[in-house]
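Reading through the structure tokens given below for one structure.
The values are calculated or read from the model by the stated rules, or taken from the named source; none is laboratory data. It should be emphasised that the depicted structure is a prediction, and the values quoted were computed from it without experimental measurement. Neighbour counts are summed over all protein chains in view; Cβ atoms, including those assigned to glycine, are modelled from backbone coordinates with ideal geometry. Heavy atoms of the whole protein, side chains included, go into the accessibility calculation; ligands, DNA and RNA do not. Shrake-Rupley method; radii C 1.70, N 1.55, O 1.52, S 1.80 Å.
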Amino acid sequence: MSQLKYCQGPRCHTYDTKDRKRGPKDNKRNETRRRSSFYYLGGNACSMICERDWFNTFGALALRHFGMITQPRVLTKDNAWVNRRDWNHPNADTYYAYNYLTEERRPITEDQYQNDTNITQDGRLAI
Ligand SMILES: [Zn+2]
């Protein structure tokens, strides 16, 4: 079994549910949820509520820590590439890189489509 971890929601313990209750009758308390895996906050929060609580508490701090943008990000024909698949192709599926500003299509392999090896993270052709 994988290691248990705690929900990172700062108010998790304040939500009164049966599974958060711990301790003997005379010393009841609610604790932060602990699980082997979570679905929210990149696998670190037990619910959307805890995810929202984390963001409300730490979101602005995280933005300052990782850096706010001070210039607009710009999409041009150079970084407007995405990989697409033609599901309606009559015989076999076709894969292509598509530029959604110029509408240019370039054929790619299925492996490139599956793994995005032909496009950089910011949408530029890597070939
Ligand atoms: Zn939680």
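Residue check, residue 86 against (1) farther than 30 Å from residue 108 by Cβ; (2) modelled with pLDDT under 95; (3) among the acidic types (Asp, Glu), all met but one. Which one?
Going through the list (1) farther than 30 Å from residue 108 by Cβ; (2) modelled with pLDDT under 95; (3) among the acidic types (Asp, Glu), residue 86 breaks only (1).
Considering every residue within segment 61-68, establish whether at least one is touching a strand residue (DSSP E or B) at 6+ places or on another chain (Cβ under 6 Å) and modelled with pLDDT of 95 or more.
Taking segment 61-68 as the starting set, the residues that turn out to be touching a strand residue (DSSP E or B) at 6+ places or on another chain (Cβ under 6 Å) are none.
The answer is no, given that none of the residues of segment 61-68 is touching a strand residue (DSSP E or B) at 6+ places or on another chain (Cβ under 6 Å) and modelled with pLDDT of 95 or more.
Just name the residue that is most open to solvent (accessible area, probe 1.4 Å) out of those in segment 1-55 that are outside any loop (DSSP other than H, G, I, E, B) and in contact with a Cys (Cβ under 7 Å, 6 or more places away or on another chain).
Within segment 1-55, the subset outside any loop (DSSP other than H, G, I, E, B) is 5-6, 12-14, 18-22, 25-27, 29-30, 34-35, 40, 45, 48-55.
Pick out the ones that are also in contact with a Cys (Cβ under 7 Å, 6 or more places away or on another chain) and you get 12, 35, 40, 45, 50.
Numbers: 12: 0, 35: 98, 40: 63, 45: 0, 50: 0 Å².
Looking at residues that are outside any loop (DSSP other than H, G, I, E, B) and in contact with a Cys (Cβ under 7 Å, 6 or more places away or on another chain), I get 35.
Return a yes/no flag: does segment 76-83 have any residue that is part of a strand (DSSP E or B), aliphatic (A, V, I, L, M), within 19 Å of the chain's Cα centre (by Cα) and surrounded by 13 or more Cβ atoms within 10 Å (Cβ to Cβ).
No, because not a single residue in segment 76-83 is part of a strand (DSSP E or B), aliphatic (A, V, I, L, M), within 19 Å of the chain's Cα centre (by Cα) and surrounded by 13 or more Cβ atoms within 10 Å (Cβ to Cβ).
Go through the residues of segment 91-101 one by one and say whether even a single one is touching a residue at least 12 places away in the same chain (Cβ under 8 Å), part of a helix (DSSP H, G or I), polar (S, T, N, Q) and open to solvent by less than 90 Å² (accessible area, probe 1.4 Å).
So far as segment 91-101 goes, no, none of its residues is touching a residue at least 12 places away in the same chain (Cβ under 8 Å), part of a helix (DSSP H, G or I), polar (S, T, N, Q) and open to solvent by less than 90 Å² (accessible area, probe 1.4 Å).
What number of residues in segment 1-32 are more than 18 Å from residue 57 (Cα to Cα), out of contact with any Ser or Thr (no Cβ under 8 Å at 6 or more places or on another chain) and either among the hydrophobic types (A, V, I, L, M, F, W, C) or near the ligand (Cβ under 9 Å from one of its atoms) (or both)? Steps first, please.
Applying the first criterion (more than 18 Å from residue 57 (Cα to Cα)) to segment 1-32 yields 1-5, 16-31.
Filter once more, keeping what is out of contact with any Ser or Thr (no Cβ under 8 Å at 6 or more places or on another chain): 16-19, 21-29, 31.
In the following step, the residues that additionally are either among the hydrophobic types (A, V, I, L, M, F, W, C) or near the ligand (Cβ under 9 Å from one of its atoms) (or both) were identified as none.
Adding up the residues that qualify gives 0.
Which numbered condition in (1) within 11 Å of the ligand (Cβ to nearest atom); (2) among the hydroxyl-bearing types (Ser, Thr, Tyr); (3) in contact (Cβ under 8 Å) with a residue 12 or more places away in the chain is the only one that residue 37 fails?
(1)
Take the residues in segment 105-127 that are assigned to a loop (DSSP other than H, G, I, E, B) and out of contact with any strand residue (DSSP E or B) (no Cβ under 8 Å at 6 or more places or on another chain), then tell me which one is most open to solvent (accessible area, probe 1.4 Å).
121
Contact list please: Cβ distance under 9 Å, first residue in segment 104-127 and of a type in the set (Gly, Ala, Ser), second residue part of a helix (DSSP H, G or I) and modelled with pLDDT of 90 or more, pairs at least six apart or on different chains.
Partner pairs satisfying both residue conditions: 123/78; 123/79.
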